[in-house]
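Engineer: Below is a structure I'd like to ask you about.
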Number of protein chains: 2
Amino acid sequence: MASESTQTESAETKFVEDLAEKDDFAQWYQDVVYKAGLADESPVRGCMTIKPYGYALWEHMQRAMDDRIKATGHENAYFPLFIPGSFLEREAEHVEGFAPEVAVVTRAGGEELAEPLVVRPTSETVIGHMYAKWVQSYRDLPLLLNQWCNVVRWEKRTRPFLRTTEFLWQEGHTVHRTEQEAEDETLLILRQVYEDFFIKELAMPGIPGLKSESQKFPGALRTYTIEAMMGDGKALQAATSHNLGQNFARGFGIQFQDADGVVKTAWTTSWGSSTRMIGGLIMVHGDASGLRMPPRVAPIQAIIVPIWRKEAERAAVAALAGEVEAALRAAGVRVKADWREERPGFKYNDWELRGVPIRIEIGPRDAQNGQVVLVPRTDRAKKEIVGKDGVARRVPEMLAEIHQALYDAALAFRQSRTYRTSDYQELKAIMGDKERLGFVETWWCGDGACEAAIKAETGATIRCMPLEQPEGSGPCVYCGRAGEGTRWAIFGKAY
Amino acid sequence: MASESTQTESAETKFVEDLAEKDDFAQWYQDVVYKAGLADESPVRGCMTIKPYGYALWEHMQRAMDDRIKATGHENAYFPLFIPGSFLEREAEHVEGFAPEVAVVTRAGGEELAEPLVVRPTSETVIGHMYAKWVQSYRDLPLLLNQWCNVVRWEKRTRPFLRTTEFLWQEGHTVHRTEQEAEDETLLILRQVYEDFFIKELAMPGIPGLKSESQKFPGALRTYTIEAMMGDGKALQAATSHNLGQNFARGFGIQFQDADGVVKTAWTTSWGSSTRMIGGLIMVHGDASGLRMPPRVAPIQAIIVPIWRKEAERAAVAALAGEVEAALRAAGVRVKADWREERPGFKYNDWELRGVPIRIEIGPRDAQNGQVVLVPRTDRAKKEIVGKDGVARRVPEMLAEIHQALYDAALAFRQSRTYRTSDYQELKAIMGDKERLGFVETWWCGDGACEAAIKAETGATIRCMPLEQPEGSGPCVYCGRAGEGTRWAIFGKAY
């Protein structure tokens, strides 16, 4: 039994501006960001304005991430935006990595500053300075803090959410008594906080792994990452967790008197996830009609589209719409009704573009029968007619199904674009073919020279060495050598 | 019937560092901020590090404020940290007010910038630029947005929370069709958001009123304020709401086609509240023992202090403490148990310093009797013995009573330090006497010259002209004139 409520659908497509075809992925991405109302350009190069719909998404993501950070024993704090220029220099790799991309305040309050201030690109240094003051004894450890803030990195090429001059993020900074504790923390964050968040909130499968030396955070001992495959087969480093060893503790004098009375240098970690994740979820889940919001973080989980021609019909539709909206709200669903003076087809396209997981169509006949039509964003053909009393039970279920469908589709796509080969020519061919572009899993001897040559010749980098390494070993995909340093690695082109 | 659990109290005071006496109010304030662990100094002059306890307070305040902002129809968004220097100049009073205190980025990405970027001191200009793009038709209005962010003002003299180079705040920015709508919005925010927040969340009585021309926001048509009296009789401008008229709309070209087809200039408002409110609640509620946290925003609402001497006693105490903690948590109370290896008296002082509203003492005899001792921070003499099954009912009640007690005490203090006089010598004497310092309510002719003379001679400024103006009129406290422009005004010395 079909509902009349979808009759006008196809006729109205013209009301919504067309997105670029998905095979022009870069243009499609930019169209989705701007046309779905997630963000806008700003008058300052590379900065971004996050519009209400994009910011509401960020708020839901923040809440879900913050809950995990707190559930694992961390507290939030806030450290200064400005960092004395000299602080960066206390860690050699750190200054080399970040000095070229900092923004510098040289004038303030009408005067030239004696020491220029760097706008934080990340806060290991200024937080290290404070931690040296706060940590005295082993009883002060572990020190487990996080901050939500803005950071600035002067990027040459920028793209909304993915790479912007200013972005919003959380950065965790912890201090530990031993190297093992620091390593455990680094991996706890990677898996229990980040990996779990990506799977359960963003419906994004990610591969947890270790970065190679050339790709690690400047100043870290080891960097772990969650790598995700985007809809064009490229990789996105979705979040990172760093074991900083004693590098920053030495630079800033973070020492403690241990239980044995000996003064020791501490071990620190840092870890971050940012508004870049929004770019990731767009590129993983979006389709030709626009965005597909993962239900758990979607600002609007269900949109009611009322359909009527005559005024008399409107009243009956409005009564049922009001009833359904109230029932869903009571069930904890983020629901909205679209009463704009536009045709239904326009609204369908608009909310599909914006990625709302479930559309609820209510027409005059539905009102008469006390039913609604539920249309999942993931598959319009799977529409369901549900009696009004069943809506508050069925919608949350369907949201969970949509979450799973998004996850499954993303995983299936990644699997279809993941290749196991020890043939370098094959790797090269994959990286050069837009239709096949994806991840190549293979052996790497561990030599940075091979890694650099592969990058120069194919544009691919080692995205990570997965935490789950296969048994055995094999010849390096580039040089054919095998040995102690050999690791199973994932190569891909990266955002 | 007294519980044994408080026996050691007085003997242990020495374990907590003494605060400065409250008659050295400035030193007392700084002691509370640092010793209670709310904030710390930072390596950058005038910036502040907000420690976990202070930040948790801010998170609860943010949540409560954000709820009110959203409940009145506003959405959150995010705008760039950097503002092109030229933007400030588009509104004459605005640039005059803010140019002297901005921090300026002149170098970024290793190059000198062609146009220096100002770190936002407030965002009317960059938001005005975006709004000019977003607003086209009367159908786009009202536009009701808010952002939570950091801002920077290069202040000469800084004090933690009260006046810092960088601070955290929310700034609302709205666009309207008519002057009346803008005025209604300005007052809605003042009363339904800010005044309500101060009363219900911070237990702080405030006086809503209008600022004089000399005290208004640079670029505003009218500035409204909530003025609160601190524990030393000085005034704090706790939050402000500005009707910006068409000043910024003209500067940035925010225009719309009205229903009649005519293109018109819009009317805008802006309003803000910041981490400064934390300074306010400390200075309103604190006492000789330290902070007194308003219960609704207190990071810890009840602290369980277990008391035992022998190991055998510890187990029984721990069992009851665990039971009570679980029951309170289930009742939505933010509760913590202090199992540190310190004596009870040390803990009492420590949690009083940190302002936790209710202390729950559990000793061996309490464990035996299945009871606990509740001690309200507002009045230690009012301790109550409560059976364990009554705790989850009594604690929330007592929290509400403490809230009311804090509010009543703050209001009574303000009333005791508020004077009605038309005698200028009396005003002058009050402003010069630390024991009497407070608010003087009187008639002012409306002439800026009288206002300036009073400020020069007494240090007092017009804090506001209360929204509730008394009937009639009278002679100006300074010049004795009476006339059209006469207003009932509150004079005071301000933070």
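The values are calculated or read from the model by the stated rules, or taken from the named source; none is laboratory data. Treat the numbers as computed from the prediction; the structure is a model and nothing was measured. Heads up, the Cβs are rebuilt from the backbone with ideal geometry, glycines too, and the neighbour counts pull from every protein chain shown.
Engineer: Identify, from the list B:Thr225, B:Thr240, the residue that is touching a residue at least 40 places away in the same chain (Cβ under 8 Å), assigned to a strand (DSSP E or B) and among the polar types (S, T, N, Q).
Structural biologist: After ruling out the rest, the residue left standing is B:Thr225.
Engineer: Right, A:Ala409: surrounded by 14 or more Cβ atoms within 10 Å (Cβ to Cβ), in contact with a His (Cβ under 9 Å, 6 or more places away or on another chain) and modelled with pLDDT of 95 or more or not?
Structural biologist: yes
Engineer: Only one of these is buried (at least 24 other Cβ atoms within 10 Å of the Cβ), without any contact (Cβ under 8 Å) to a residue 24 or more places away in the chain and either out of contact with any helix residue (DSSP H, G or I) (no Cβ under 7 Å at 6 or more places or on another chain) or of a type in the set (Lys, Arg) (or both): A:Val119, A:Val105. Name it.
Structural biologist: Selected residue: A:Val105, the only one of A:Val119, A:Val105 that is buried (at least 24 other Cβ atoms within 10 Å of the Cβ), without any contact (Cβ under 8 Å) to a residue 24 or more places away in the chain and either out of contact with any helix residue (DSSP H, G or I) (no Cβ under 7 Å at 6 or more places or on another chain) or of a type in the set (Lys, Arg) (or both).
Engineer: Please state which of the following conditions A:Val193 fails to meet, knowing it meets all the rest: (1) within 8 Å of chain B (Cβ to nearest Cβ); (2) touching a Lys or Arg at 6+ places or on another chain (Cβ under 6 Å); (3) crowded, with 22+ Cβ neighbours inside 10 Å.
Structural biologist: (1)
Engineer: Separate question: Pairs please, first residue from the range B:370-389 and assigned by TED's automatic domain parsing to the domain that holds B:Arg359, second anywhere and of a type in the set (Gly, Ala, Ser) and not in a strand (DSSP E or B), Cβ atoms under 7 Å, 6+ apart in sequence or on different chains.
Structural biologist: What qualifies is B:Val373/B:Ser3; B:Val373/B:Ser5; B:Arg377/B:Gly355; B:Thr378/B:Ala405; B:Ile385/B:Ser3; B:Gly387/B:Gly370; B:Lys388/B:Gly370.
Engineer: Next up: Quick check: anything in the range B:383-392 modelled with pLDDT of 95 or more, surrounded by 16 or more Cβ atoms within 10 Å (Cβ to Cβ), within 25 Å of the chain's Cα centre (by Cα) and not aromatic (Phe, Trp, Tyr)?
Structural biologist: For the range B:383-392, residues modelled with pLDDT of 95 or more, surrounded by 16 or more Cβ atoms within 10 Å (Cβ to Cβ), within 25 Å of the chain's Cα centre (by Cα) and not aromatic (Phe, Trp, Tyr): absent.
Engineer: Residues of the range B:34-89 being of a type in the set (Lys, Arg) and either within 9 Å of chain A (Cβ to nearest Cβ) or not in a helix (DSSP H, G or I) (or both), which ones?
Structural biologist: Across the range B:34-89, the qualifying residues are B:Arg45, B:Lys51.
Engineer: So which of B:Phe82, B:Phe98 is buried (at least 18 other Cβ atoms within 10 Å of the Cβ) and free of Cβ contacts under 8 Å to residues at least 60 places away in the same chain?
Structural biologist: Result of the check over B:Phe82, B:Phe98: B:Phe82.
Engineer: Got a sec? Which of A:Val119, A:Val135, A:Val126 is more than 11 Å from chain B (Cβ to nearest Cβ), β-branched (Val, Ile, Thr) and more than 26 Å from A:Ala56 (Cβ to Cβ)?
Structural biologist: A:Val135
Engineer: Given A:Leu113, A:Leu145, A:Leu168, which one is closer than 30 Å to A:Phe256 by Cβ, within 11 Å of chain B (Cβ to nearest Cβ) and touching a strand residue (DSSP E or B) at 6+ places or on another chain (Cβ under 8 Å)?
Structural biologist: A:Leu145
Engineer: Using the structure shown, decide if A:Leu467 is touching a residue at least 40 places away in the same chain (Cβ under 8 Å) and within 20 Å of A:Ala298 (Cα to Cα).
Structural biologist: Taking the combined requirement at face value, the residue does not satisfy it.
Engineer: Return yes or no: is B:Tyr53 at pLDDT 95 or above and over 20 Å from A:Glu166 (Cβ atoms)?
Structural biologist: yes
Engineer: Given the conditions (1) in contact with a Ser or Thr (Cβ under 7 Å, 6 or more places away or on another chain); (2) within 17 Å of B:Thr225 (Cβ to Cβ), report the number of the one that B:Thr158 does not fulfil.
Structural biologist: All conditions pass for B:Thr158, except number (2).
Engineer: Name every residue in the range A:137-154 that is within 19 Å of the chain's Cα centre (by Cα), surrounded by fewer than 23 Cβ atoms within 10 Å (Cβ to Cβ) and not aromatic (Phe, Trp, Tyr), in order of residue number.
Structural biologist: A:Gln147, A:Cys149, A:Asn150, A:Val151, A:Arg153
Engineer: Identify the residue in the range B:201-230 that is in contact with a Lys or Arg (Cβ under 7 Å, 6 or more places away or on another chain) and over 19 Å from B:Phe491 (Cβ atoms) and, among all such residues, is surrounded by the most Cβ atoms within 10 Å (Cβ to Cβ).
Structural biologist: Applying the filter and picking the extreme gives B:Glu201.
Engineer: I'd like the full set of residues that are hydroxyl-bearing (Ser, Thr, Tyr) and more than 9 Å from chain B (Cβ to nearest Cβ), limited to the range A:151-165.
Structural biologist: Correct list: A:Thr158, A:Thr164.
Engineer: Right, here's the next one. Mind checking which residues of the range B:212-265 are basic (Lys, Arg) and in contact with a Phe, Trp or Tyr (Cβ under 8 Å, 6 or more places away or on another chain)?
Structural biologist: Matches in the range B:212-265: B:Lys234, B:Lys264.
Engineer: From B:Glu426, B:Glu441, which residue is outside the structural domain of B:Lys234 (by TED's automatic domain parsing), of a type in the set (D, E, K, R) and touching a Lys or Arg at 6+ places or on another chain (Cβ under 7 Å)?
Structural biologist: None of the others qualify; the one that does is B:Glu441.
Engineer: Let me ask another. It is to be established whether one or more residues within the range B:430-447 are loosely packed, with under 15 Cβ neighbours inside 10 Å and over 20 Å from B:Asp23 (Cα atoms).
Structural biologist: No - not one qualifying residue is present in the range B:430-447.
Engineer: Still on this structure: Answer with yes or no whether A:Ser416 is hydroxyl-bearing (Ser, Thr, Tyr) and without any contact (Cβ under 8 Å) to a residue 24 or more places away in the chain.
Structural biologist: Considered against the rule, which asks whether it is hydroxyl-bearing (Ser, Thr, Tyr) and without any contact (Cβ under 8 Å) to a residue 24 or more places away in the chain, A:Ser416 comes out as yes.
Engineer: Further, regarding this structure: Just checking, how many residues over the range B:414-429 are buried (at least 20 other Cβ atoms within 10 Å of the Cβ) and either of a type in the set (Asp, Glu) or touching a helix residue (DSSP H, G or I) at 6+ places or on another chain (Cβ under 7 Å) (or both)?
Structural biologist: Count: 1.
Engineer: Conditions first: (1) at pLDDT below 95; (2) out of contact with any helix residue (DSSP H, G or I) (no Cβ under 9 Å at 6 or more places or on another chain); (3) crowded, with 18+ Cβ neighbours inside 10 Å. B:Met1 passes all but one, so which condition is the exception?
Structural biologist: (3)
Engineer: Being buried (at least 16 other Cβ atoms within 10 Å of the Cβ), farther than 30 Å from B:Tyr131 by Cα and at pLDDT 95 or above is true for just one of A:Glu75, A:Glu91, A:Glu112. Which residue is that?
Structural biologist: Step by step, each of A:Glu75, A:Glu91, A:Glu112 is checked, and only A:Glu75 is buried (at least 16 other Cβ atoms within 10 Å of the Cβ), farther than 30 Å from B:Tyr131 by Cα and at pLDDT 95 or above.
Engineer: I would also like to ask the following. Confirm whether A:Gly219 is in the same structural domain as A:Pro121 (by TED's automatic domain parsing), among the small types (Gly, Ala, Ser) and at pLDDT below 95.
Structural biologist: The answer is yes for A:Gly219.
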